[in-house]
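Have a look at the structure below, then the notes.
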4 protein chains.
Amino acid sequence: MENNNQLLAKKVVDTMLEKDWFSQWLGIEIVELKPGYVKLKIKIKKEMLNGFQIVHGGIYYSIADSALAFASNSYGIKSVSVETSISHLVSCSEGEEIFAETEEIFSGNKIAVYTINILNKENKKVAVFKGTVYKTGKEWFPA
Amino acid sequence: MENNNQLLAKKVVDTMLEKDWFSQWLGIEIVELKPGYVKLKIKIKKEMLNGFQIVHGGIYYSIADSALAFASNSYGIKSVSVETSISHLVSCSEGEEIFAETEEIFSGNKIAVYTINILNKENKKVAVFKGTVYKTGKEWFPA
Amino acid sequence: MENNNQLLAKKVVDTMLEKDWFSQWLGIEIVELKPGYVKLKIKIKKEMLNGFQIVHGGIYYSIADSALAFASNSYGIKSVSVETSISHLVSCSEGEEIFAETEEIFSGNKIAVYTINILNKENKKVAVFKGTVYKTGKEWFPA
Amino acid sequence: MENNNQLLAKKVVDTMLEKDWFSQWLGIEIVELKPGYVKLKIKIKKEMLNGFQIVHGGIYYSIADSALAFASNSYGIKSVSVETSISHLVSCSEGEEIFAETEEIFSGNKIAVYTINILNKENKKVAVFKGTVYKTGKEWFPA
């Protein structure tokens, strides 16, 4: 049973990533994936910097938003983001690796809430994200 | 005087944009700029889509975050984002033009708050963003 | 038709308020009510102050949260709050009157988003609130 | 040294609570207090219920906002709330005890970020709160 859930999670996220051109541009790698959980990695490239030559806030948000989508859809039920927030704590530079790790705070019938930590290689929080999703109830792969 | 403020706003944002590689990747154009206000435009390209072939949430956030940075720095005093949130309302597709328009809700000694509407060509809100910045007090171009 | 919607809005909010002991403790008065819109008023009493002798942040939030509940339920369909945020801008003191006025930013099938301005008597924003609700689809007064 | 910090934290929070009429109305008890951390408790009374006879959202927010103020001021430096958000997860009823426990996510020179879990007696999250404060730099008790 657990194995089936794991296979379903992988199948969903592979399907999502296959045509997710922006996540591909970000260079997202999946470090770990379980039903309701994902840890992602990206490497900062020059095109991700803002005018201060540090990582643009949109990059942290984007990896977190992808992590929210993957984690919340990984049960095989389509979920859509309704509200998200992010606090920017520490700046990062070109060449650094950053990680987005999800934590499922709450999962109800219709709504689920995740916090996502954005971490640098030293495991320091560089940003914290909170996301609320609506569970549509539609299956990804109906039998 | 008003003219000087306008020139300063333009000088700050030009300087920020000049080396803002990510805003350049987004293809951000400045539609209108005044001290404390900016309206930006981008055109959705294929690399901005997620796995559902609609615009990735990170794109709306990124244009809003750039707008927040430009509007809040346009007075000539360096400001940094401390907290931001965004609600995703309506999906957009490849080829569409979307706009980010700021509204300064509050400006105190140390903190300012902006709401930013993300609009499509029909002026429909596709996302709403709120951002809080800390005013460092440091001038962009000290005399 | 419009008249029926107005009557339904009033019936819903009267029913909600009738046993809403906390809103009664707050002394909430309805200044104006329409389907999807409400303007509320309270007068600041001593028990609403924090240790700095200004209004406790929880009071602004509470009147906004009541306004969100009244506006989003006023169509006759039960809605529940899923995510809310508030920025505190200006402090208020004992004896002042403050107002909460809703604006419906978005209304979809399942999700609606409201911004609520908290205003003092001079119509100055003292706090800004954003709330997201889930529409359960259940009618308040089924035929 | 650690002892002095602990005494300072207690002195600050005692001073804040002494004239905090709203926290007193809420019946807030301090379960645990350390520099940068506090755990509070309240017991739900009838006046805290909304029209559905469950706890009004403003009550969860209010205990969290008090916890944010106590934890962020407990170092002896005045801090003020700039942005806060809360997600309502599980409803509570009259007579229940609920707790607010802070976690300091980030503490910089000017800005600090806290997450606060609102828990019931079974340690289940009933709401999650995030708060950002601005550190004014002013001491509570200058030498």
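Read the figures in this text as sums done on the coordinates, not as results from a lab. The structure displayed is predicted, hence computed values, not measured ones. FYI the Cβ positions are ideal-geometry reconstructions off the backbone, even for glycines, and counts take in every protein chain you see.
Points to keep in mind about this one:
- Peptide C:12-22, shielding by other chains (average Cβ, 10 Å cutoff): 4
- Comment: the Cα-to-Cβ extended label point of D:VAL90, at 7 Å, lies 3.3, 3.9, 4.1 nm from its counterparts in the other copies, nearest first.
- When chain B is turned onto chain D, its residue with the beta carbon nearest the axis, and that distance in whole angstrom, is B:GLU83, 2.
- Counting charges near A:GLY57 (Lys, Arg +1; Asp, Glu -1) among other residues having Cβ under 13 Å from its Cβ returns a value of -4.
- Taking the label point 7 Å along Cα→Cβ, B:GLU47 and its counterparts in the other copies are spaced 0.2, 6.0, 6.0 nm apart, in ascending order.
- Over 32 Å between alpha carbons, listed pairs B:LYS138/C:LYS43; C:LYS10/C:LYS110; A:LYS130/B:LYS19: B:LYS138/C:LYS43
- Dipole magnitude (debye, nearest 20) for the protein assembly as shown, charges at Cβ of Lys, Arg, Asp, Glu: 0
- Each Lys and Arg contributes +1 and each Asp and Glu -1, all at the Cβ; summed about the Cα centre of the stretch C:2-139, the dipole is approximately 180 debye.
- Among residues other than C:THR132 with Cβ under 10 Å from its Cβ, the summed charge is -1 (Lys and Arg +1, Asp and Glu -1).
- Neighbours of A:VAL31, meaning other residues whose beta-carbon lies under 13 angstrom from its beta-carbon, give a summed charge of +1 when Lys and Arg score +1 and Asp and Glu score -1.
- Copies compared at D:LYS124 - label distances in nm, ascending, label defined 7 Å from Cα in the Cβ direction: 3.9, 4.0, 4.5
- The stretch D:35-74 versus the stretch A:1-75: alpha-carbon centroid distance in Å: 35
- Inter-chain Cβ neighbour average for residues A:74-82, partner chain, 10 Å: 3
- Cross-link reach is defined here as a Cα-Cα straight distance under 16 Å, omitting same-chain residues fewer than 8 places apart; for A:LYS41 the lysines meeting it are A:LYS121, A:LYS124, A:LYS125.
- Within 10 Å of the Cβ of each residue in C:92-100, the mean number of Cβ atoms contributed by other protein chains is 0.
- In degrees, nearest ten, helix A:57-73 long axis to first principal axis of chain A (Cα): 10
- Degrees between helix A:2-18 axis and first principal axis of chain A (Cα, 0 to 90, nearest 10): 50
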